[in-house]
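Q: Can you read through this structure? Questions will come right after.
Each reported figure results from applying straightforward, stated rules to the coordinates on display, with no laboratory input. The structure displayed is predicted, hence computed values, not measured ones. With ideal geometry, Cβ positions are generated from the backbone for all residues, glycine too; neighbour counts draw on all protein chains shown.
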Amino acid sequence: MRLLLRVCLLLLAVGPACAADPNALWNIVHGRCVPNQVLNNSPTPCAAVMLGHGEPQGHALLKDIVGKSQYLLIPTLRVTGIESPDILRPDAPNYFAAAWAARTEVEARLGRAMPADTLSLTINSPFGRSQSQLHIHIDCLRADVAEQLRRRAAEVGDAWAPFPEALLKHAYIARRVAAPTLAEANPFRLLAASLADPAEMAQYSLAVAGATLDGQPGFLLLATKVDVAAANFASSEELQDHDCAVAR
């Protein structure tokens with residue numbers, strides 16, 4: 001809370017961590033999408049509600065009001081965000097795997113299939129977000145970031161280490177996942193396992209980008225830590241382009 005207060009003061013109370021109505025996404029999903037799916041077999045106003053294993057294991061897809069193609073994956077369980085111990089429970093869903101599968105919604109909005117290395121998933125830290133319900137942003141990478149990742153991908157190994165260059169002037173750590181899906185690699189667990197204390201997750205933002213690794217489909221995982229002195233509030237959503245210039 002002390003760090004959050006410092007962040008808010010630095011942002012003059014207008015930054016994302018200090019925004020009003022932090023329950024807006026939860027109210028939409030829990031108050032409208034889920035009941036409508038259960039009662040009427042319609043996810044409206046969400047694009048989809050997945051409850052195959054029950055509401056505690058489910059998630060919803062919601063078209064964000066920002067951008068042409070941005071979607072949000074939102075658990076149907078009350079989960080605050082990356083800092084929540086619930087995402088590390090043994091029975092916790094792999095929300096990132098579900099979010100990557102949902103990239104087809106982005107492609108449908110864009111009217112074309114997109115190369116995997118132009119698409120991304122991001123979740124912001126408590127200090128770089130406006131909502132108190134976990135949500136993963138699904139959208140295009142910025143074109144300049146996509147180029148950086150392609151150029152330096154071969155230098156990223158199987159363990160977390162500093163990414164070779166700053167991304168948008170912020171320091172990131174990175175590791176690779178050499179697999180075509182995230183089904184067996186939960187980015188939340190991989191980041192938490194690298195920290196001395198899982199509670200440190202509250203200081204981080206996490207991103208996943210599609211990549212070609214040694215000629216095969218895979219992923220680059222990227223994480224950045226809150227650094228107030230560097231004006232880094234750990235919002236890896238900065239790596240995304242909600243206008244999706246790479247599609248043009």
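Q: Please list, in chain and number order, the residues 5+ apart from G81 or on another chain whose amide H is under 5 Å from its amide H, with Hs placed from the backbone.
A: Close amide H contacts, sequence-distant or interchain: L134.
Q: Output wanted: per-residue J couplings in Hz (rounded whole) for the range 211-228, from phi through Karplus 6.51 cos²θ - 1.76 cosθ + 1.60, θ = phi - 60°, x for Gly and Pro.
A: 7, 9, 10, 6, x, 10, x, x, 9, 10, 9, 10, 9, 10, 10, 3, 9, 4
Q: Note down the net charge around G31, summing +1 for each Lys or Arg and -1 for each Asp or Glu among other residues with Cβ under 14 Å from its Cβ.
A: 0
Q: Of F188, F219, how do they rank once you tally other Cβ atoms within 10 Å and put the fewest first?
A: Ordered from fewest to most neighbouring Cβ atoms within 10 Å, F188, F219 come out as F188, F219.
Q: For a quick check: sort I28, I65, I82 by the number of other beta carbons within 10 angstrom, fewest at the front.
A: I65, I28, I82
Q: Tell me the mean residue ellipticity at 222 nm calculated for the chain from its helices only (DSSP H runs of n ≥ 4, each -39500 (n - 2.57), averaged over every residue, nearest 500).
A: Mean residue ellipticity at 222 nm (helix-derived): -5500 deg cm²/dmol.
Q: Once you charge only the Cβ atoms, +1 for Lys and Arg and -1 for Asp and Glu, what is the size of the charge dipole of the range 2-247 about its Cα centre, to the nearest 20 debye?
A: With only Lys, Arg, Asp and Glu charged at Cβ, the dipole is about 240 debye.
Q: Rounded, prolate or oblate: pick one for the range 162-228, where a ≥ b ≥ c are the square roots of the eigenvalues of its C-alpha gyration tensor, a/c under 1.5 means rounded, and failing that, prolate if a/b is larger than b/c, else oblate.
A: Since a/c reaches 1.5 but b/c is at least a/b, the shape of the range 162-228 is classed as oblate.
Q: Report the residue, chosen from L190, L61, L206, that carries the largest GNM mean-square fluctuation when the chain is represented by alpha-carbon nodes joined by springs under 10 Å.
A: L190
Q: Taking the Cβ of P198 as the centre, find all other residues whose Cβ is under 15 Å away and add up their charges (Lys, Arg: +1; Asp, Glu: -1).
A: That sum, taken over residues with Cβ under 15 Å, equals -1.
Q: If amide H atoms are built 1.01 Å from N in the plane of the peptide, which residues on other chains or at least 5 residues away come under 5 Å of the amide H of L167?
A: Y172
Q: Once amide H atoms are built 1.01 Å from N in the peptide plane, which residues 5 or more positions from R142, or in another chain, come under 5 Å H to H?
A: Here Q240, D241 satisfy the definition.
Q: Now, a different point. Once you list every other residue whose beta carbon is under 10 Å from the beta carbon of A154, what net charge do they have if Lys and Arg are +1 and Asp and Glu are -1?
A: The answer is +2.
Q: Once you order the gyration tensor axes a ≥ b ≥ c over the Cα atoms, which shape class does the range 16-172 get: rounded for a/c under 1.5, otherwise prolate or oblate by comparing a/b with b/c?
A: Taking the square roots of the gyration eigenvalues as a ≥ b ≥ c, the range 16-172 is prolate.
Q: Next up: Provide the per-residue ³J(HN,Hα) series for the range 119-131, in order, calculated from phi with Karplus coefficients 6.51, -1.76, 1.60 and θ = phi - 60°, each as a whole number of Hz, with x at glycine and proline positions.
A: Going residue by residue, I get 10, 7, 10, 9, 9, 8, 6, x, 8, x, 9, 10, 10 Hz, with x marking Gly and Pro.
Q: Here is a further query. List, in order, the whole-Hz ³J(HN,Hα) value for each residue of the range 74-87 obtained from phi through the Karplus relation with A = 6.51, B = -1.76, C = 1.60 and θ = phi - 60°; use x for Gly and Pro.
A: 10, x, 8, 9, 6, 9, 5, x, 4, 7, 6, x, 4, 6
Q: Output the relative contact order of the range 141-248, whole-number percent, from Cα pairs under 8 angstrom with separation of 6+ residues.
A: About 31 percent, as a whole number.
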